[in-house]
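First the structure, in the form of structure tokens, and then the observations on it.
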There are 2 protein chains.
Amino acid sequence: MQRLRSRVTIRDVAREAGVSVSTVSRVLNGKDDVASATEDRVRRVIDDLGYASSMAARSLRSHSTNVVGLIVPDLWHSFTSLVIRGVNQVTAAEGYDLLAYASARHEQLSPANWEERLVAELNGSVTDGIIVVTPNASSYRTTAPVVAVEPIQSSTEFPAVLSTNHQGVLEAMAYLVSLGHRRIGYIGGRADLQSAQRRLDGYIDGLAAAGIPVDPALVLTGDYTRPTGATSARTLLSLATPPTAILASSDETAFGVYDVAAEYGIRIPEDLSVVGFDNTAESAVANPPLTTVDQAIETMGRLAAQIMLMLMRDKLWETQLNKVPTKLVIRQSCRATGL
Amino acid sequence: MQRLRSRVTIRDVAREAGVSVSTVSRVLNGKDDVASATEDRVRRVIDDLGYASSMAARSLRSHSTNVVGLIVPDLWHSFTSLVIRGVNQVTAAEGYDLLAYASARHEQLSPANWEERLVAELNGSVTDGIIVVTPNASSYRTTAPVVAVEPIQSSTEFPAVLSTNHQGVLEAMAYLVSLGHRRIGYIGGRADLQSAQRRLDGYIDGLAAAGIPVDPALVLTGDYTRPTGATSARTLLSLATPPTAILASSDETAFGVYDVAAEYGIRIPEDLSVVGFDNTAESAVANPPLTTVDQAIETMGRLAAQIMLMLMRDKLWETQLNKVPTKLVIRQSCRATGL
DNA sequence: TACAATGCTGATATCGATACCAGGAACGAT
DNA sequence: ATCGTTCCTGGTATCGATATCAGCATTGTA
């Protein structure tokens with residue numbers, strides 16, 4: 001491959017085409033005041049030399065890129081991937097490039113504000129606006145707009161997109177209660193996440209609505225992962241009076257419950273009803289297919305992108321909290337109790 | 001939120017701290033020839049003002065960022081996500097940032113070289129090296145290194161990471177033959193992809209190795225998607241003498257076969273054996289769990305990142321074609337024929 | 001005492017692009 | 001002949017950072 005000795009710059013193009021850099025710049029930016037003969041010549045040289053303008057230089061000078069930034073804690077978890085997918089759909093349709101940034105510096109920076117520096121660094125320099133996924137900070141110093149998806153802080157100074165975690169769990173609880181369950185176990189998420197808190201509230205309110213007292217032995221704190229789901233399930237199923245249903249606060253957690261049920265010879269849904277939360281792709285093909293709360297994560301991404309584009313175009317967006325509704329997806333992991 | 005009127009620049013910091021921009025720059029870059037009193041003062045001002053240096057300006061001047069670029073056709077397909085995950089593991093461990101770029105301009109540029117411009121634009125300006133996933137071009141004009149993952153062109157002028165598609169399918173075929181299958185259907189991938197061609201070759205060579213003639217009616221071209229998998233399965237299962245086994249060239253395709261089998265009341269694996277390719281997360285929880293060829297996509301990402309870091313550090317990497325072995329994962333979707 | 005070495009700091013050029021202003025050529029109007 | 005337009009083009013300042021060189025104290029050495 002031709003590893004060029006040095007970059008092809010706008011100067012090289014100008015020299016080769018026998019015009020000034022200004023003219024080349026005009027051609028690049030599609031200004032209409034260039035003679036068509038000149039434009040053709042410049043374009044030919046651009047192709048010949050394989051010239052591409054430097055993003056760094058362009059954005060440094062023009063203070064405008066065509067790029068929406070996305071700052072994510074990682075680039076592979078199912079939640080992240082789905083948000084990215086939703087955002088990408090909108091940005092691509094509107095002709096914006098999308099740049100997802102996962103920093104190597106999480107650990108080194110104080111965990112509370114690792115994204116703050118990134119936002120400042122990227123915004124107004126490489127991106128025209130930034131969407132942050134599950135951010136910690138409640139405010140950023142920046143010239144360009146910021147939109148959050150599932151922020152950890154409950155109140156933020158920028159528009160945020162949230163799912164109705166509380167409502168979703170409430171609905172799932174109502175469903176289990178309608179099937180006759182009264183001992184319902186709960187495996188939560190990491191206590192420091194706002195979403196986990198909301199879901200737990202939904203569980204407690206769901207019990208209250210059915211007039212069932214909370215049994216602390218049935219309420220466990222997890223971390224949304226499969227192994228922890230399994231550990232928690234072992235605890236619940238070893239109780240003297242085990243629950244007849246388990247509400248897991250994530251699909252991964254629910255699969256941990258599946259694992260332990262198989263291990264104990266407990267049949268789902270005959271002996272134990274299980275409800276998840278997320279509606280990941282796996283939940284549809286699991287055995288049995290998992291009844292779960294659909295978070296519409298992709299929709300959240302789309303909404304965040306739409307808000308972002310509005311703000312970038314100096315339109316206003318009044319609402320700070322934008323909720324995307326959850327929906328209970330009933331499959332085959334629950335059954336009425338035999339009572 | 002404080003939307004700042006204008007960016008905080010290094011100049012503002014210098015003025016506030018009563019030093020020159022040079023000194024601030026030295027502090028930022030951890031040079032050791034700054035008096036510690038001065039350094040403390042500058043750092044305090046940096047924190048107070050919430051200053052973060054502009055990536056654009058920094059890389060324009062220094063010609064070195066700490067960023068590895070990743071150019072992908074999309075940001076959500078399972079293949080892409082897994083590659084990103086592998087790359088991210090290595091870059092994060094080595095202290096490099098990762099920037100994944102999905103262009104909105106696919107469609108507008110001629111499809112054959114949409115990534116070429118992106119590579120030139122990013123490299124030597126925003127990134128120090130670029131990993132391209134399933135690229136079309138076989139060469140790029142760039143000053144910084146390029147590494148490809150599953151390039152479409154068979155021969156490239158830069159290091160490429162490939163999986164042993166041919167070997168993987170061959171192994172799957174040997175397995176099916178060992179179970180007694182002789183009528184084996186094949187649902188391929190998009191004909192223009194090198195990977196699809198390799199897998200098809202594996203199928204044909206697998207038949208040849210077993211001394212079975214190719215029946216054109218059993219060989220269909222798909223596109224790796226679930227709906228097309230279903231359509232193809234309908235065709236195969238409607239034949240006068242339907243196959244006893246179907247080798248799907250992707251897990252998604254295999255799930256399409258599952259769908260149609262359920263529709264037709266055909267039991268897997270009792271009536272029909274199915275083998276997939278990819279070993280996605282879904283394949284393990286499917287009903288029945290899918291026997292599939294594990295591509296070790298994450299490993300491919302890791303290897304690509306390792307090669308990239310070598311090249312960025314001016315080490316040499318001789319081998320152009322780096323193959324990551326596939327492995328047959330036997331689950332419960334196949335059974336010996338009743339003959 | 002003179003002169004070099006060291007430690008720290010500032011001034012200036014530069015990276016590659018765009019914004020802005022100025023100006024030449026061709027043309028018609030006065 | 002002079003002037004104002006219109007159309008096109010070039011020169012120069014500038015974006016925010018780093019690299020390089022130079023300079024000023026202060027200290028060490030011949």
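In this structure, B:E150 does satisfy being in contact with a Ser or Thr (Cβ under 8 Å, 6 or more places away or on another chain) and at positive phi. Give the residue that is surrounded by the most Cβ atoms within 10 Å (Cβ to Cβ), with candidates limited to residues of the stretch A:29-58 that are near DNA strand D (Cβ under 8 Å from one of its atoms) and among the charged types (D, E, K, R). That would be A:E39.
Checked across the stretch A:128-144, the condition of being modelled with pLDDT of 80 or more, at the interface with chain B (Cβ under 7 Å from one of its Cβ atoms) and under 24 Å from B:L118 (Cα atoms) holds for no residue. Look at (1) within 13 Å of DNA strand C (Cβ to nearest atom); (2) buried (at least 22 other Cβ atoms within 10 Å of the Cβ); (3) farther than 27 Å from B:T143 by Cα and you find that B:S20 fails only one, number (2).
Residues of the stretch B:18-44 that are within 14 Å of chain A (Cβ to nearest Cβ) and under 29 Å from A:S64 (Cβ atoms): B:L28 alone.
What about B:R11, is it more than 11 Å from DNA strand C (Cβ to nearest atom), basic (K, R) and surrounded by fewer than 19 Cβ atoms within 10 Å (Cβ to Cβ)? In short, no.
With respect to the conditions (1) within 13 Å of DNA strand D (Cβ to nearest atom); (2) of a type in the set (V, I, T); (3) under 30 Å from A:V149 (Cβ atoms), A:T23 falls short on a single one, namely (3). The criterion of being within 7 Å of chain B (Cβ to nearest Cβ), more than 9 Å from DNA strand C (Cβ to nearest atom) and loosely packed, with under 15 Cβ neighbours inside 10 Å holds for A:G95.
For first residues located in the stretch B:208-223 and surrounded by 15 or more Cβ atoms within 10 Å (Cβ to Cβ), partners that are assigned to a loop (DSSP other than H, G, I, E, B) and among the small types (G, A, S) and lie 6+ apart or on another chain with Cβ distances below 6 Å form the pairs B:T221/B:G188; B:T221/B:A191; B:G222/B:G188. Of the candidates B:R26, B:R44, the single residue that is more than 29 Å from B:T134 (Cβ to Cβ) and more than 9 Å from DNA strand C (Cβ to nearest atom) is B:R44.
Of all residues in the stretch B:145-175, those satisfying the criterion of being in a strand (DSSP E or B), closer than 25 Å to B:L200 by Cα and within 14 Å of chain A (Cβ to nearest Cβ) are B:A148, B:A160. Considering the stretch B:30-40, the residues that are modelled with pLDDT of 90 or more and under 46 Å from the mean Cα position of the chain (by Cα) include one that is farthest from DNA strand C (Cβ to nearest atom), namely B:D40.
The values are calculated or read from the model by the stated rules, or taken from the named source; none is laboratory data. All figures in this text were calculated on a predicted structure; none of them were measured in a lab. Every residue, glycine among them, receives a Cβ derived from its backbone with ideal geometry; neighbour counts consider all protein chains shown.
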